[in-house]
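Peer 1: Let me begin by handing over the structure; questions about it come next.
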Amino acid sequence: MEFVSFCIENFKVKFQMKGRDVSVLFYESGITDFLIEDYDLLHTQGKEFILSEIELFLQNRGYKV
C-alpha cells in the first residue's frame with residue numbers, strides 16, 4: 001500500500017487534485033488493482049513513467065485527466 005500511496009500523492013500533485021478525489025478515482029477505475037498487480041515492474045521505474053502509465057490506463061478506460 002505504500003507504493004499506491006506514493007502514486008496517489010504524485011498524481012495529486014501533478015493534476016492539482018485532492019487526495020480523496022484521487023483515491024476514489026484510483027479505486028473506481030481499477031488503478032489500485034493495476035498498481036498492486038504490476039508492482040514488481042512498476043516500482044522499479046521512475047515517477048514520470050509510473051504517472052504516464054496511470055494516465056494511459058485512465059485514457060484507455062475513457063477517463064479524462
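Peer 1: Order these by the 10 Å Cβ neighbour count, fewest first: 18, 64.
Peer 2: By the 10 Å Cβ count, ascending: 64, 18.
Peer 1: To continue, here is another question. When a footprinting reagent is the concern and you count Cβ atoms within 10 Å, what order do 44, 32 take, fewest first?
Peer 2: Ordered by Cβ neighbours within 10 Å, fewest first: 44, 32.
Peer 1: With no solvent and one point per C-alpha, what does the Debye sum give as log10 I(q)/I(0) for the chain at q = 0.21, 0.27 Å⁻¹?
Peer 2: Each listed q corresponds, in turn, to -0.80, -1.42.
Here, each number is a calculation from the coordinates, and none is a lab measurement. Bear in mind that the values here come from a model prediction, so they are computed numbers and not experimental data. Methodologically, a virtual Cβ is constructed for each residue, glycine included, from the backbone with ideal geometry; neighbour enumeration extends over all protein chains shown.
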